[in-house]
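Below: one structure, written as structure tokens.
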Amino acid sequence: MKVFACSIYLLDPLFYAREGLSAAYTPHYLHATAINFAVTAVISPEVTGLDPQHQSYVIGEHNGGRNTPRYKNSLASDKFYFTPARLTTPLKYLPEWTKGENDGFVAQTKRGEVLKAEILNYLPPEAEFKGFLISKTDVVFPSLIRLGSFRGKARLHLEELEIVGVFEKEQTASHPVDPLITKVFRGVMVNMFPYPIVDNATIARGVVAKSQEEQMLRVIALPDEWQLPVLKMVRNGGRTIIV
Amino acid sequence: MTNAMGFFNDIKVLPRGRYLQLVVKITLLDDAIIRSNEPEEVLTFTYKKLGTRFIIPWRKVKGKLRRMVMEKQRELNIPQDSKCYLKDNLCMKCPACLLFGGTGETSKTKSSYNLLSRVLGETFISQTEVKDISAYTANAVDEETLTTGQALMTIVKVPTETEFIGVVTLRDPTKELTAILVDNLNRLTRLGASTREWGKVKTEIIGYVLSDREMLSSYDIVQEMPADLNNIKDLQLPPVEDSFRKVADAIIKILPEGEGGQGKKKQKVTAEAEKE
Ligand SMILES: [Zn+2]
């Protein structure tokens, strides 16, 4: 098992609010469903273990229903898992006039009527989210992914962390947690689609890791159905090797 | 099945993880106008890294491209049994719908399926920074949108010869799909709705990269042009009219049976079957 600090840097404006257009503000968290399914969309189904029908170009009753969500939670693959991520750059919105052009925000117009337009509040390019990735196998992860209602481009950057311990007592996670994946005792609920996640979450098990540069320890939750890694410390030229 | 160039010879219902990335340059041949009180075709954005740039949202380019593909296929009488029109008369079985996607809900045919777009884009960013914005305020009177009244609006001019860079990506390309996309990109000579005020553009494909994932972005390219771009002319694409016909025939095979297609109904097309 390997863990990575994960940064998602927006290259395009990001919009994914789903409530009415009048309150179309994009939340400043990324749901783990968004990240995991964005990444699995790029990686071959043989690696992810995901049913390729989930990504079919034709979505209809013949392969699971047109408007049925194609996931039960954010765990897209049993090989790797991206935690939810939080915005680490200052929150500001990029409002943009959007008129109906068959892009999901069609406003009916009559002849002679002023073409109706709505303001959508995007998160601007260069905004950055941070979360973690836990990977059981060596996967070549994509450097560009597409997120949000308009599938805007974002850059995915990973930095491998050193696992320095595991824990099985209550700790506060260093990242927002998907409560359908990891049992959460306490925390602050963040309301967003497709279901709420929990920030400042107290969790019962996971790994502790640190980066080479920063000595700060990170507390990372594991999906409940995953086993904690077995750590065996081996001295090797002063470096700790995890087996 | 791929040929030597890495293009597919047929159209499938499942993604096969190949991306044709076209680096596209749009040059303004006239001054363009940014108006603050209605949907703009060109905006500005101040990047931390790039400074203030003019930008064109991808939706604007995609909307125009799709319209052009629809016009072209109407000219060729494709598809023969129904016509495809934005916004809510999508036929869901023509090359334009296959390329740009559509939802059965807004479709006149009330299809019980959605099509995912095979063409992906991004924000086009001006090659150079915006200097000395000449903004002035005027009464908002516009014949085309019938907006009248005392509202004031700010007008910003985007100078002639401003160049924008963007990447247009085609998923799982065949030569025919590529020919349609390239032909219509090359014919993109106007952007936006208000052509009276919005000047002409020239659109060029600078080069392409074929890869198993997306690697290029306008954000990076305006900082440094990638060195390993291939020339689109080397692809020797088939004539666009033949391509439209071939793609139109191929779509019918992948649509669900009972929806005007010949594909399999209520039966899972597995990864194994796809490999045959
Ligand atoms: Zn159509």
In the list A:Ala221, A:Ala209, which residue meets the criterion of being crowded, with 18+ Cβ neighbours inside 10 Å, in contact (Cβ under 8 Å) with a residue 60 or more places away in the chain and touching a Leu at 6+ places or on another chain (Cβ under 7 Å)? A:Ala209
Could you grab the pairs with beta carbons closer than 8 Å, sequence gap of 6+ or different chains, first residue in segment B:69-81 and part of a loop (DSSP other than H, G, I, E, B), second one near the ligand (Cβ under 9 Å from one of its atoms)? B:Ile78/B:Cys94; B:Ile78/B:Pro95; B:Pro79/B:Gln73; B:Pro79/B:Cys91; B:Pro79/B:Lys93; B:Pro79/B:Cys94
Select from segment B:83-103 the residues that are touching a Ser or Thr at 6+ places or on another chain (Cβ under 6 Å) and either near the ligand (Cβ under 8 Å from one of its atoms) or open to solvent by 30 Å² or more (accessible area, probe 1.4 Å) (or both) and write down the one among them that is nearest to B:Tyr19 (Cα to Cα). B:Met92
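Identify, from the list A:Tyr93, A:Tyr25, A:Tyr29, the residue that is of a type in the set (Ser, Thr, Tyr) and under 24 Å from A:Ile181 (Cβ atoms).
Result: A:Tyr29 is the single residue among A:Tyr93, A:Tyr25, A:Tyr29 that is of a type in the set (Ser, Thr, Tyr) and under 24 Å from A:Ile181 (Cβ atoms).
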In the set B:Gln80, B:Gln73, which member is open to solvent by less than 40 Å² (accessible area, probe 1.4 Å), within 13 Å of the ligand (Cβ to nearest atom), over 19 Å from A:Arg146 (Cβ atoms) and touching a helix residue (DSSP H, G or I) at 6+ places or on another chain (Cβ under 9 Å)? B:Gln73
Among the candidates A:Leu50, A:Leu120, A:Leu115, residue that is modelled with pLDDT under 90 and either part of a helix (DSSP H, G or I) or at the interface with chain B (Cβ under 9 Å from one of its Cβ atoms) (or both): A:Leu115
Qualifying positions in segment B:242-252 - in contact (Cβ under 8 Å) with a residue 60 or more places away in the chain and open to solvent by 70 Å² or more (accessible area, probe 1.4 Å): B:Asp242, B:Arg245, B:Lys246
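The values are calculated or read from the model by the stated rules, or taken from the named source; none is laboratory data. Not measured: the values here are computed from a predicted model. Virtual Cβ from ideal backbone geometry, glycine too; neighbours counted across all protein chains shown. For the accessible areas, the whole protein counts, side chains as well, though only heavy atoms, and no ligand, DNA or RNA atoms are used. Shrake-Rupley method; radii C 1.70, N 1.55, O 1.52, S 1.80 Å.
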